[in-house]
Amino acid sequence: MASLSVRKRYWARALVGFRALSDAPVSGAHRALAALERMGYIEQLVTQNVDRLHQRAGSQRVIDLHGRADLVSCMSCRYRMMRHAMHAEMARMNPAFAHLQAGHAPDGDADLEMDFSTFKVLDCPRCSGILKPEVVYYGDVVPAKRRQAAEEGLQRSQAVLTVGTSLMVFSGYRFCRQAHAQGLPLASLSLGVTRADGLMAQRWQAPITPVLEHALHCLQGNARSTRPGDPGVALVP
Ligand SMILES: [Zn+2]
């Protein structure tokens, strides 16, 4: 963050790459999780993703553990602005960069290498401080309030289901350890192994969208035998 040349490279690549991240479509898995919440099966959804797709799919009880890629804030005065507004302003300031095309890395960066020295980075409109996406990066810590909110969700839950995550990042894995210590049953649904496999009562190594859609279908068929309001699962997708 302290290096202007690093920030120039970061924002120039983000200007190109963020378009793909913000255009990412809601998947069947997002929709199935939102439906499960409406049916009373999900007490708290905790996501490590920063793309807000769970909210776009209709989930309301969401904690964005690693923040939001669609917001930026000032490191000095905490001024906040929408990311698309910052990008629009930087596109205006950098016409030579605004229309570049590149492949996309999974984190929203563009796969782009060039001379970034002429790129102009937008500073805080209020105090000229450094603007940074409201995302927890490697080396950052999850804000304590957010972590506590997830822990409270865990207290209200009767089980934990992890979906589509290897849990290699400690910020998500910690909740599995806490749930296990509380005696809650854990299950995972993902294609690969997870860091918490030793804690799991049940593991499904399978593609997540068809399994969640099938589970939803079965639960809808049994809707009359379920008890609405019975707290369901906390999730760590
Ligand atoms: Zn500021």
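In the list 19, 78, 56, 31, which residue meets the criterion of being in a loop (DSSP other than H, G, I, E, B), without any contact (Cβ under 8 Å) to a residue 40 or more places away in the chain and out of contact with any strand residue (DSSP E or B) (no Cβ under 8 Å at 6 or more places or on another chain)?
78
Among residues belonging to segment 124-149 that are within 25 Å of the chain's Cα centre (by Cα), charged (D, E, K, R) and at pLDDT 90 or above, point out the one that is most open to solvent (accessible area, probe 1.4 Å).
This residue is 145.
Where in segment 91-201 are there helices (runs of 4 or more DSSP H), lying wholly inside it, with at least 2 residues that are aliphatic (A, V, I, L, M), over 21 Å from residue 66 (Cβ atoms) and more than 16 Å from the ligand (Cβ to nearest atom)?
Per the criteria, 95-98.
Would you be able to say whether some residue in segment 175-182 is surrounded by fewer than 15 Cβ atoms within 10 Å (Cβ to Cβ) and over 22 Å from the mean Cα position of the chain (by Cα)?
Looking for residues that are surrounded by fewer than 15 Cβ atoms within 10 Å (Cβ to Cβ) and over 22 Å from the mean Cα position of the chain (by Cα), one finds at least one in segment 175-182, hence yes.
The values are calculated or read from the model by the stated rules, or taken from the named source; none is laboratory data. Predicted, not measured: the structure shown is a model, and the values here were computed from it. Because the Cβ atoms are built from the backbone with ideal geometry, glycine has one as well, and the counts that use them run over all protein chains shown. Accessible surface is based on the protein model in full, side chains and every heavy atom, while ligands, DNA and RNA are left aside. Shrake-Rupley method; radii C 1.70, N 1.55, O 1.52, S 1.80 Å.
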